[in-house]
Amino acid sequence: MKKVLGALGGLVVFALLWEGYKAVGDPEGTAVLGVKVLPRADDLSMPHLWTVAQRLGRPELTGGRPVWQVVADACLFTLGVTAVGFLAGTAIGFVLATLMQRFRVVERGLLPYVVLSQTVPLVALAPLVAGWSGALSFGPYPWQDWMTVAVIASYLAFFPVAVGLLRGLQSPSASGVELMRSYAAGWWRTYLKLRLPAALPFLFPALRLAGAAAVVGAVVGEISTGTRGGIGRLVIEYSREATSDPAKVYTAMLGAAVLGLVVAGVVSLLELPLMRHRRLVWADPAKPSGQTGRRRVEVNVV
């Protein structure tokens, strides 16, 4: 309930800030010492929020479907591409993190390049991926444009998973690792019984970041490659009408924002059945039963 109320409160604050600045802001933009620091507050740049909501219910074109249906269909298309890219990026991140934890030489040699990979601009990467994959095919099935977008989404998604999971796999204490060795447990059993359960608190925040990054990669990939059917292409198409219909541009941006929230919410729901860490409060046996002293013990349930 606190999270729901917090989210609703954030939306209310955003609406108040938007409409408040529109009411008192300069239509030509707020300037400080001759430098514009805030955007223009006119109807062309900042339409009223209720104007955007009304535009969602009106037809996209004369006699066409309502804008909200067009935006919803585009979001569903991008959601499917994002899911493919997210799953591929998560799998790659898992493999890289496992290899870097298993072999120290792989971590020293590969981790700097994993970090460096995120400095490449997506706008420059998308045409390269499209050019490399243009001649590929899977038997009778040629490479599709949406596959290029999925590759770009996975490129952004693998990084937080690889780094977060590596940090989690390295989190068990030396005494825990030595205890597993005393039980003659090999690396694989130690990985499943000790390292992977200990990595879950690090993994799920990384998965949420990966989901949001996959959405960004999919939207940018659709814009850069010209892939039709997704919300990224819809943003470009609606931007061409910004002068005559500014509220229409914000409907596509709203769809992209909602898509990111949906992906992050789905990842959070996956955390509930998979999270196996429990915090138990046990009575302290060192104190008499009549006293209330307790100690908190964190137990990894495997």
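Below is a table of values for the structure above.
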read-out: 17 Å tail of the calculated P(r), the range 66-182, as % of Cα pairs; value: 67
read-out: Amide H contacts of residue 30 (H built 1.01 Å from N, under 5 Å, at least 5 apart or other chain); value: 37, 38
read-out: Compactness index (Cα Rg / 2.2 N^0.38 Å), the chain; value: 1.29
read-out: Theoretical ellipticity at 222 nm over the chain - DSSP helices of four or more residues, -39500 (n - 2.57) apiece, nearest 500; value: -22500 deg cm²/dmol
read-out: Kyte-Doolittle mean at least -1.0, axial Cα span of 30 Å or more - DSSP H helices of the chain; value: 2-24, 67-102, 145-169, 196-225, 246-274
read-out: Centroid-to-centroid separation of the range 73-129 and the range 181-239 [C-alpha atoms, Å]; value: 8
read-out: Using a Förster distance of 30 Å, the FRET efficiency for residue 228-residue 50 (Cβ separation, nearest 0.05); value: 0.45
read-out: Solvent-accessible area per residue, Å², over the range 133-221 with all protein chains present [probe radius 1.4 Å]; value: 47
read-out: FRET E, pair residue 270, residue 30, Förster distance 30 Å, beta-carbon r, rounded to 0.05; value: 0.10
read-out: Accessible surface of the range 93-230 [probe 1.4 Å, protein heavy atoms]: carbon and sulfur percent; value: 68
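The values are calculated or read from the model by the stated rules, or taken from the named source; none is laboratory data. A quick note: this is a predicted structure, and the numbers were derived from the prediction, not measured. So basically every Cβ, Gly included, is an ideal-geometry build from the backbone, and we count neighbours across all protein chains shown. For the accessible areas, the whole protein counts, side chains as well, though only heavy atoms, and no ligand, DNA or RNA atoms are used. Shrake-Rupley method; radii C 1.70, N 1.55, O 1.52, S 1.80 Å.
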